[in-house]
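Okay, so here's the structure we're looking at.
The values are calculated or read from the model by the stated rules, or taken from the named source; none is laboratory data. Owing to the predicted nature of the structure, the values given are computational and were not obtained by experimental measurement. Positions of Cβ are backbone-derived with ideal geometry, glycine not excepted, and every protein chain shown enters the neighbour counts.
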Ligand code: ADP
Ligand code: MG
Ligand code: ZN
């Protein structure tokens, strides 16, 4: 890339040198073969002497013919000359000496060249130069189709063994590898493979790495392009690229197309400002057209990665497009140790180094952060002229990276971690002992996404179309379980429950205003209307609700009662299961993630009522 840029900077010089060369040449021709350049004074002298025979005046340039004063004595010969007029009144003088003279309209030819052609040349030169800078490696004329050329990488060396700690994602992707290796096996029964697989997860968790590993494992060509590369300066280029990409991929099938940073082109179209980014939209539309248009049997799998799935256009996620999504999350403590192990292979480690200790110290680190830590430690050790990377180097490196991450609010300190552990354990225990609540599937205190510090996943045991009042109350209980546990254990509450409270309030509100489940308001609904802001502005008071202020107050009171009763119920429940709460929280602090069986094992002899 470096060389190329150099080369392109030179080509601007070529243009400038060419222009300068032409001017110089022109000058040279004029001076050596043109008329004799006469000083004006000499012209006057020769005029007085009667040597001038003919003159034509163009502006203040006088060109003409005079008797040559050759030393060989050929006096009849004439010589052409040119001079610049200094005084203005010349005609009398000329007439006196019988000179044929005429005035000519000023020739503007040369000036035209200078004032038009040169700026145009310059403009094109600069434009050419800029084009080269923006799209290195492409000629100016190659702008349409050729610009869209995308090259496939073959023989990728990345393997699944290079990706550690995201076993679930790997398991899901193994199926894709199998398919790419032997498509016939899957097509035998008429089944279709997914066209698109979307890798979703925070930055640095190994999405790009995983996509490469799929190509490496399957040994197929890998077309990779980043979403931001699609979005070009000129409308239509992105769409042309997409087209070209698919044409080439079909030629090379079976293969993988990988679109990194899909959100750069896949942003929701409706979200754009009116008349917004046409180019991006065209590219996105073309991508949708291509994805719909190709036959999955040709063996092209489209993979994409994003860390902002919520901004994607819903059309991308529809069936037949990126309908399969693979979550690539931040690693838990075991995953972190494995990742450290993968990257430690590249450096010389001292024998006393225990990577599991480092893993335990780095909650919230992504794979990229961990790789970075190993590298940083190796640099630190090298600076100290050590033979191997020691434990102190690793810890120092971790501290440094932690400092950077803390600024981005991505690292939780031990006390916070404890609060989060009790909070999540609270959710899980309330879910277990509340009749009708969904079974706990997984509990984690590994930060996920942007806001959540931990999460408890419940899976319904069956599909439900109706919910009873008891079940809705159960949901509220589970949501409040986190905060109640914090209050019981620490005597204080944190902001971590914000989302829980909001959801609990929403459910309680719906119970009162939509499902007629309140105590005093009877079997009626109290619609809350979501009118557009500009409508409600002039009729405030009317627009928000269609019931009176007094009723509104009663709704609020009802909601409050539901939530308060629930909170008391949950506190009582947790107080009765303090031992289990401590056990689960303690184990969470140690392991960070608990699955269903591990969690059940911790419950001991207390019988979970949820199973009933
Ligand atoms: P993403 O695409 O999710 O932002 P990358 O795949 O680009 O992340 O990861 C950046 C680097 O971090 C990788 O090249 C690799 O060195 C390291 N890395 C990230 N996740 C893992 C992992 N799970 N196992 C091993 N290395 C990882
Ligand atoms: Mg990436
Ligand atoms: Zn919570």
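The condition of being modelled with pLDDT of 90 or more, part of a helix (DSSP H, G or I) and within 16 Å of ligand 2 (Cβ to nearest atom) holds for only one of 373, 368, that being 368. Where helices (runs of 4 or more DSSP H) fall wholly inside the range 193-256, the ranges with 3 or more residues that are closer than 14 Å to residue 302 by Cβ and assigned by TED's automatic domain parsing to the domain that holds residue 316 are 207-218, 237-252. So for the range 318-341 (the condition being away from ligand 1 (no atom under 16 Å from the Cβ), part of a helix (DSSP H, G or I) and free of Cβ contacts under 8 Å to residues at least 24 places away in the same chain), does at least one residue qualify? Within the range 318-341, not a single residue is away from ligand 1 (no atom under 16 Å from the Cβ), part of a helix (DSSP H, G or I) and free of Cβ contacts under 8 Å to residues at least 24 places away in the same chain. Here 386, 442 are screened, and the one residue that is surrounded by fewer than 18 Cβ atoms within 10 Å (Cβ to Cβ) and in a loop (DSSP other than H, G, I, E, B) is 386.
Residue selection: residue 427 satisfies the criterion of being in a helix (DSSP H, G or I) and touching a strand residue (DSSP E or B) at 6+ places or on another chain (Cβ under 6 Å).
Summed over the range 173-189, the residues that are surrounded by 18 or more Cβ atoms within 10 Å (Cβ to Cβ) and within 16 Å of ligand 1 (Cβ to nearest atom) give a count of 1.
Put simply, of 205, 158 the only residue that is within 20 Å of residue 309 (Cβ to Cβ), away from ligand 3 (no atom under 16 Å from the Cβ) and in contact with a helix residue (DSSP H, G or I) (Cβ under 6 Å, 6 or more places away or on another chain) is 205.
Screening residue 300 against (1) crowded, with 21+ Cβ neighbours inside 10 Å; (2) more than 22 Å from the chain's Cα centre (by Cα); (3) not assigned by TED's automatic domain parsing to the domain that holds residue 194 leaves a single unmet condition, (3).
Okay, residues lined up against (1) within 16 Å of ligand 1 (Cβ to nearest atom); (2) modelled with pLDDT of 90 or more; (3) surrounded by fewer than 14 Cβ atoms within 10 Å (Cβ to Cβ):
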position: 455; (1), (2), (3): no, no, no
position: 459; (1), (2), (3): no, no, yes
position: 467; (1), (2), (3): no, no, no
position: 477; (1), (2), (3): no, yes, no
position: 482; (1), (2), (3): no, yes, no
position: 486; (1), (2), (3): no, yes, no
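Pairing residues of the range 561-575 that are at positive phi and assigned to a helix (DSSP H, G or I) with residues that are modelled with pLDDT under 95 and surrounded by fewer than 18 Cβ atoms within 10 Å (Cβ to Cβ), at Cβ distances under 6 Å and at least 6 apart in sequence or on separate chains, gives no pairs at all.
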